[in-house]
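The values are calculated or read from the model by the stated rules, or taken from the named source; none is laboratory data. Since we're looking at a predicted model, the values are computed, not measured. Cβ sites come from the backbone with ideal geometry, for glycine too, and all protein chains shown count toward neighbours. Surface areas here come from the heavy atoms of the whole protein model, side chains and all, with no ligands, DNA or RNA. Shrake-Rupley method; radii C 1.70, N 1.55, O 1.52, S 1.80 Å.
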Amino acid sequence: MRSPDAAGSGAPQAVHSPAELFHRVFELLAAMEEAQRVKVIDLARRLIPTLTAEDIRNPHDFPGLDDPDWHFEDGQLAGIEAVRFALRGLASDVLGDGEGREARERSEIGGQPGASREGGGTQGE
């Protein structure tokens, strides 16, 4: 374990419990996911102005979304979601089901990051 001033700054470093660290990671992922979701929707609406967020879940129904930039951004969103799902499993393994659920839920309250895009990702469809 590192001593409080191991970084050379002389300032003590905060020690966080695993639950606190997972909570912070889930908060960061929620913010990243929301920002990317907005980016995907905005780009889709530049291509087809009448699209809704629900429409974007089924991009194969909209040939106008066959755009490499949109697919790239949607793939980035799918990647963020995949990381969140993987970390949910890791949190359950490390913290146990109760603490892992609490760490996830505290960061997901008030937002939609806990709700995935139904119908799966859009890549390769």
Pick from Gln13, Gln36: which is under 30 Å from Leu90 (Cα atoms), open to solvent by less than 90 Å² (accessible area, probe 1.4 Å), at pLDDT below 95 and polar (S, T, N, Q)? Gln13
So if I check each of Glu125, Glu54, Glu102, which one is modelled with pLDDT under 95, part of a helix (DSSP H, G or I) and loosely packed, with under 14 Cβ neighbours inside 10 Å? Glu54
Report yes if some residue within the stretch 71-89 is polar (S, T, N, Q), surrounded by fewer than 16 Cβ atoms within 10 Å (Cβ to Cβ) and modelled with pLDDT of 95 or more; otherwise report no. yes
Quick one: in the stretch 21-33, of everything that is at pLDDT below 95 and buried (at least 17 other Cβ atoms within 10 Å of the Cβ), which residue is nearest to Leu65 (Cα to Cα)? Phe26
